[in-house]
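Here's the structure we're looking at; comments come further down.
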Amino acid sequence: MTQEACSHRNNVQSSDKPQIYKVGIYGWRKRCLYFFVLLLMILILINLALTIWILKVMNFTIDGMGNLRITEKGLKLEGDSEFLQPLYAKEIQSKPGRPLYLQSSRNISVNIYNGNNQLLTQLITGSSGLKARGKAFEVKSTSGKLLFSADEDEVVVGADRLRVMGAEGVVFTKSVETPHVRAEPFKELKLESPTRSLLMEAPKGIQILAEAGDIQAICRNELRLESKDGEISLDAHRIRLMRLPEGKASGSSSSSGTRQMVYEVCVCPNGRLFLSQAGVGSTCQISASVCL
């Protein structure tokens, strides 16, 4: 076999063997890949550390976060809280034995709506005062006794005593129905109608009693005491009728210069009273100047 044939045979055998190619990242590409993997790991560690820090600061637990706890009955919030948007809740209550404070820089509004989104009851507390809107308003004691009630028809005061502390008293534009009107101890009771009449009515009687003082009835024109079916009784140790006119008998003249000290009370046909000088008998003389 010639040398050329041997070389040709070797070339043929070498060409029949499979050729192997190496696949991979080499050089600067490999270094960039390692750099990005390292950077990603650093970011993951920083993210994990921030997450743990936030959980620690916000006090996240299985029951809730911070002062907010999730219980079977709802949410339990401890400490001061600030709500920036409307709060919708079925019930708001404080811890047993602790007060509940509601604070606002402007006002606090409590609104109650029905199923048709119509306003039924409203309570607004603000800088201008307290405003309430509803069909009725009631105030009750701890025992359930009605102390105050107000609606469109009437206002009821259920307390045993209604006390008015104002210096000017109380003014009623309409009628008042009460079983007892009394002043404070050692204070005066004054019933006055400056421009109109004052009327007191009772089906079983009216009693005016001053146990340690005087009773004064003052009017500008006439004071009338009238009893339709009964009588008027004046029961006192001393009854004084001041400034009654004095009637004189026609043609009478004083026989002496002494002052008359005893008089007789006389009644005119129209009911007017006047004085007449007392004598042995009745000295009532009908005088036109007195009885007319």
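What pairs come up if the first residue lies in the range 124-149 and is within 20 Å of S109 (Cβ to Cβ), the second is outside any strand (DSSP E or B), and their beta carbons are under 7 Å apart, counting only those six or more places apart or on different chains?
Hits for this filter: I124/N107; T125/N107; G126/R106; G126/N107.
In this structure, is S81 at pLDDT below 80, not in a loop (DSSP other than H, G, I, E, B) and not aliphatic (A, V, I, L, M)?
no
In the range 169-188, what residues are open to solvent by 100 Å² or more (accessible area, probe 1.4 Å) and closer than 18 Å to L199 by Cβ?
Correct list: V171, F172, T173, K174, S175, E177, P179, H180.
Look through L209, L244, L223 and report the one residue that is more than 38 Å from the chain's Cα centre (by Cα) and surrounded by fewer than 10 Cβ atoms within 10 Å (Cβ to Cβ).
L223
For G166, state whether it is farther than 26 Å from L147 by Cβ, open to solvent by less than 100 Å² (accessible area, probe 1.4 Å) and part of a loop (DSSP other than H, G, I, E, B).
It is false that G166 is farther than 26 Å from L147 by Cβ, open to solvent by less than 100 Å² (accessible area, probe 1.4 Å) and part of a loop (DSSP other than H, G, I, E, B).
Okay, residues lined up against (1) assigned to a strand (DSSP E or B); (2) open to solvent by less than 100 Å² (accessible area, probe 1.4 Å); (3) within 30 Å of E177 (Cα to Cα):
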{"position": "Q93", "(1), (2), (3)": "no, no, no"}
{"position": "R98", "(1), (2), (3)": "no, no, no"}
{"position": "G115", "(1), (2), (3)": "no, yes, no"}
{"position": "S149", "(1), (2), (3)": "yes, yes, yes"}
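Which residue out of K135, K140 is open to solvent by 70 Å² or more (accessible area, probe 1.4 Å), basic (K, R), at pLDDT 85 or above and touching an Asp or Glu at 6+ places or on another chain (Cβ under 7 Å)?
Only one candidate passes the filter, namely K135.
The values are calculated or read from the model by the stated rules, or taken from the named source; none is laboratory data. Computed from a predicted model, the values in this text were never measured in an experiment. With ideal geometry, Cβ positions are generated from the backbone for all residues, glycine too; neighbour counts draw on all protein chains shown. For the accessible areas, the whole protein counts, side chains as well, though only heavy atoms, and no ligand, DNA or RNA atoms are used. Shrake-Rupley method; radii C 1.70, N 1.55, O 1.52, S 1.80 Å.
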